[in-house]
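Heads up, the thing below is written out as structure tokens.
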Amino acid sequence: MGNKIWILLFISLFILAGCREPENSNEIQQLIKNTDRLFVEAEVPQSSLAAIEKEENEYYSELISLDKRRAEEIGTAVAKLEDSLKSREEMMKIEENMVKKARKAWEKGRDFHAANQEEEEKARRLWAVGLKRFQAHGLLMDSYKKSIKADRKLYRLFSKKNASITDLQNAIESVNGCYKKVIQYNEEYNRATGLYVKEKNEYLLEMETEK
């Protein structure tokens, strides 16, 4: 039987190291500050999610080590995995709601007031980069939800007495395909975050220089 891909997701999703903190804020600077605060808060469910994934990996290793004839033990192991999936969904929902709240505020912030045309152009460029970051996060969340659905289908398959090795192998390949997509969108999100941090720091530095 093939191996199931495991990733500790979101390890670098919200890297904001080296970010400048605006002092006397204009509208866009205040928007940046509030957005970054919500992303930092989202690190709490993110950390919990990674811990749950690690534990779930241990449960899965336990499951595949069991003799298929030991139905009761298999049922117990699958129940643990199902509970783990529910916990992941809960943490993901908390994180997703936090980011949606930040995105809603960011989208409303499009109608900000700038001191002059040059400042407005710089702010609008930053705003566009920030929006792409939110869009990348949305794609990541969608792919992660699909991976959980694939995991659930695989775990339940283990409980079926008539499930063949081929059935399980196909389910594992489906799960791995989903996680490869998650990894891809995770990388894209991290690149979007890096670009946002770069643009933001440059914008804040220019605002400080112009004072």
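Assorted remarks:
- Residue that is farthest from the chain's Cα centre (by Cα), among those in region 92-117 that are open to solvent by 40 Å² or more (accessible area, probe 1.4 Å) and among the hydrophobic types (A, V, I, L, M, F, W, C): Ala115
- Look at region 180-202: where a residue is over 13 Å from Tyr144 (Cβ atoms) and touching a residue at least 60 places away in the same chain (Cβ under 8 Å), no partner that is among the acidic types (Asp, Glu) and open to solvent by 40 Å² or more (accessible area, probe 1.4 Å) sits 6+ places away or on another chain with Cβ atoms under 8 Å.
- Residue within region 145-168 that is within 30 Å of Gly75 (Cα to Cα), basic (Lys, Arg), in contact (Cβ under 8 Å) with a residue 60 or more places away in the chain and in a helix (DSSP H, G or I) present: yes
- Reported count of residues in region 60-82, each being over 15 Å from Leu157 (Cα atoms) and touching a Phe, Trp or Tyr at 6+ places or on another chain (Cβ under 9 Å), is 0.
- In region 121-155, residue nearest to the chain's Cα centre (by Cα) [restricted to those that are open to solvent by 70 Å² or more (accessible area, probe 1.4 Å) and over 15 Å from Val182 (Cβ atoms)]: Gln135
- Residues located in region 52-91, provided they are farther than 29 Å from Ser164 by Cβ and surrounded by fewer than 13 Cβ atoms within 10 Å (Cβ to Cβ): Lys54
- For region 156-188, a residue qualifies if it is open to solvent by 20 Å² or more (accessible area, probe 1.4 Å) and in contact with a Ser or Thr (Cβ under 7 Å, 6 or more places away or on another chain), and the qualifying residues are Cys178, Lys181, Tyr185.
Conditions tested, residue by residue: (1) over 25 Å from Val175 (Cα atoms); (2) at pLDDT 85 or above; (3) among the acidic types (Asp, Glu).
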residue: Ile5; (1), (2), (3): no, no, no
residue: Leu8; (1), (2), (3): no, no, no
residue: Ser12; (1), (2), (3): no, no, no
residue: Ile32; (1), (2), (3): yes, yes, no
residue: Lys54; (1), (2), (3): no, yes, no
residue: Ser84; (1), (2), (3): no, yes, no
residue: Met92; (1), (2), (3): no, yes, no
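The values are calculated or read from the model by the stated rules, or taken from the named source; none is laboratory data. The model shown is predicted, which means the values in this text are computed figures rather than measured ones. Quick reminder, even Gly has a Cβ in these numbers, built from the backbone with ideal geometry, and neighbours come from all protein chains shown. Accessible surface areas use protein heavy atoms only, side chains included; no ligands, DNA or RNA. Shrake-Rupley method; radii C 1.70, N 1.55, O 1.52, S 1.80 Å.
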